[in-house]
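Read through the structure below, which is laid out as structure tokens, and then see the notes.
Bear in mind these aren't lab numbers, they're just calculated from the coordinates by the rules spelled out. Keep in mind that this is a model prediction, so the values were computed, not measured. Cβ placement follows ideal geometry from the backbone for every residue including glycine, while neighbour counts extend to all protein chains displayed.
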Amino acid sequence: MPRLFDEHQLEKLLKAADVAEDAVADHFHHSSSHWDRIGLELVSGEHLAAHEMLPHVFAQVLCYLVQKEDVRPQDHYRICVQDHNILRALDGEARDIFFPLLVYVLTHELIHVVRFTRFLQLYQADPDRKEREEITVHGLTHEILNKRNLENMPLVLEFYGHHAQAHRWPRVVRT
Ligand SMILES: [Zn+2]
């Protein structure tokens, strides 16, 4: 059984999602209802389907094409937080970076979602383009979070840098 966030950590996850959603919405001049409109869901731990779990990354974004009656298929995004990998990476970490790390991870994934929904980036990009996009998204994540002055964020940036496999390129799942 993979390790899961406890109740206290799940509360922090929800707070981190609020901070990340506000920060990204502000940056892209979205209203706060934007996330509901585009069909976005945050899932973690026991709510992940088996195929949504990965062995190394902290989170991944999946885009499901959902077909409802009589309308064309709609994108539905799931940000899948990988409790077990985050907890393992933080084992032995004396500094209290759980919350800012979650804010960083979620901000990064939300920026991917915004850029996909605005067609600034495509899923089927070639490796060069994916690498450039990652650099852009990391740059935007820093820029957006620098303005928020979150405690311990410089430590998180350093920590994240040591976990090169922290994130997986978003992908489409056809249902
Ligand atoms: Zn990324």
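For segment 3-18, 3J(HN,Hα) computed residue by residue from phi via the Karplus equation (6.51, -1.76, 1.60; θ = phi - 60°) reads 5, 10, 4, 7, 4, 5, 5, 5, 4, 5, 4, 5, 5, 5, 5, 4 Hz, glycine and proline entered as x.
Close amide H pairs (under 5 Å, H built 1.01 Å from N) link PHE58 with HIS167, residues at least 5 positions away or on another chain.
Its DSSP H runs of at least 4 residues, each contributing -39,500 (n - 2.57), put the calculated 222 nm mean residue ellipticity of the chain at -15500 deg cm²/dmol, to the nearest 500. Per residue, the convex hull spanned by the Cα atoms of segment 7-174 amounts to 127 cubic angstrom. Counting only DSSP beta bridges with both residues in the chain, tell me the antiparallel percent, nearest 5. Among the beta bridges of the chain, antiparallel pairing accounts for roughly 40 percent. Distant-in-sequence amide contacts of VAL172, defined by a placed amide H-H separation under 5 Å and a gap of 5 or more residues or a different chain, comprise CYS63.
Ranking ALA125, VAL81, THR107 by how far each Cα lies toward the positive end of the dipole of segment 44-175 (charges on Cβ) leaves ALA125 at the top.
For LEU150, the amide hydrogen comes within under 5 Å of no other amide hydrogen, counting only partners 5 or more places away or on other chains and with H modelled in the peptide plane.
Placing unit charges on the Cβ atoms of the charged side chains and taking the dipole of the chain about its Cα centre, the candidate lying farthest along the positive direction among GLY161, ILE97, GLY45 is GLY161. Subtracting the Cα-Cα distance of LYS147 and ASP96 from 0.36 nm times their residue separation leaves 16.3 nm of extension gain.
Within the chain, the longest segment free of exposed loop sites, counting GluC sites (Glu not before Pro) that fall outside DSSP classes H, G, I, E and B and have at most 14 other Cβ atoms within 10 Å, spans 1-68. For VAL43, the shell of other residues with beta-carbons less than 14 Å away shows a net charge of -4, using +1 for Lys and Arg and -1 for Asp and Glu. Take the chain and mark each of the trypsin sites (Lys or Arg not before Pro) that is in a DSSP loop with at most 16 other Cβ atoms within 10 Å; the longest unmarked stretch, sites excluded, is 4-67.
For a modelled paramagnetic label at ASP36, 7 Å from Cα along Cα-to-Cβ, no residue of segment 53-89 is in reach, as no backbone nitrogen comes under 14 Å.
Taking a sphere under 14 Å around the Cβ of HIS84 and counting the other residues whose Cβ falls inside, with K and R at +1 and D and E at -1, yields a net charge of -3. Put the Cα centre of segment 1-29 next to the Cα centre of segment 130-151 and the gap is 17 Å. Bridgeable aspartates and glutamates around LYS147 (alpha carbons under 20 Å apart, same-chain partners fewer than 8 residues away excluded): ASP18, GLU21, ASP22, ASP26, GLU109, GLU158.
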